Amino acid sequence: MCKPKIFISYHRADKKYKDAIIEILNEYGYRYFCVDENETFNGWNHQHIADHICSKMKGCDVLLCIVGKETYSRPHVDCEIHTALKGGVENRKGIVAVMLENRCDNKNDIDLDTFPTKLQENFDYIVLEQYASIGDRIEQAIDLAIENRDNSRIQVTHKNPVMKLRAGKYYDN
């Protein structure tokens with residue numbers, strides 16, 4: 001049986017954490033997709049970028065969201081979380097949220113003002129982990145996210161609309 005494929009959602013400012021998590025996923029033999037921070041979207045419309053990135057999620061089973069101190073304000077990450085939660089049991093993705101050490105809180109005492117709203121609204125659904133322990137807990141976290149995804153008794157919510165993306169085109173320079 002194939003291991004689940006993981007979609008990594010992150011803010012470019014958290015690249016070093018993304019790279020370390022990729023090493024852990026590779027160590028355990030997981031397949032994954034993430035947008036490389038060097039990928040250029042020069043001249044692309046922001047909505048086109050979001051659609052392109054979220055289309056890559058279709059082949060994934062779990063969204064692993066890296067939650068840093070600015071993640072809550074990132075429209076593209078919000079769109080990825082929204083996409084992972086869409087649909088019923090047959091379409092939604094499991095979600096593992098990894099809280100980074102650059103935050104001033106932890107999973108037992110979360111600063112809700114800086115924690116992504118869509119994750120807050122779905123605390124019963126998401127699997128919340130600390131970055132410091134993800135190396136030891138990655139397999140359990142992903143397995144639990146898959147269980148939650150497949151459990152029709154666990155409902156997800158979409159109370160808040162997706163954050164508005166910037167108008168116009170994106171330029172890397």
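The values are calculated or read from the model by the stated rules, or taken from the named source; none is laboratory data. Since this is a predicted model, take the numbers as computed values, not measurements. Don't worry about glycine lacking a Cβ; one is built from the backbone with ideal geometry, like all the others, and counts go over all protein chains shown. SASA here: full protein model, heavy atoms, side chains in, ligands and nucleic acids out. Shrake-Rupley method; radii C 1.70, N 1.55, O 1.52, S 1.80 Å.
A few comments on the model shown:
- Cα gyration tensor shape for the range 85-173, rounded if a/c is under 1.5, else prolate or oblate: oblate
- Percent of beta bridges antiparallel (DSSP, the range 43-173, rounded to nearest 5): 25
- Full-extension gain in nm, residue 108 to residue 124, via 0.36 nm per residue minus C-alpha separation: 4.3 nm
- Mean separation of Cα pairs under 8 Å and 6 or more residues apart, divided by the residue count, gives the range 48-173 a relative contact order of 29 percent.
- Ordered by 1.4 Å accessible area with all protein chains kept, 23, 80 run largest first as 23, 80.
- Solvent-accessible area per residue in the chain equals 53 Å², computed with a 1.4 angstrom probe and all protein chains kept.
- Carbon + sulfur, % of accessible area of the chain - ligands and nucleic acids excluded, 1.4 Å: 47
- For the range 1-151, dividing the convex hull volume of the Cα atoms by the residue count gives 110 Å³ per residue.
- Here residue 118 is the anchor, and the lysines within straight C-alpha reach of less than 21 Å, apart from those fewer than 8 places off in the same chain, are 18, 56, 58, 69, 86, 93, 107, 159, 164.
- Structure remark: mean-square fluctuation, Gaussian network model of the chain, C-alpha springs under 10 Å; the largest value among 123, 33, 115 belongs to 123.
- Summarising the label geometry, the points placed 7 Å from Cα in the beta-carbon direction at residue 16 and residue 159 lie 3.6 nm from one another.
- Seen through its C-alpha gyration tensor, with square-root eigenvalues sorted a ≥ b ≥ c, the range 47-123 comes out prolate because a/c lies at 1.5 or above while a/b is bigger than b/c.
- The slack between residue 133 and residue 48, meaning 0.36 nm per residue of separation minus the straight C-alpha distance, is 27.1 nm.
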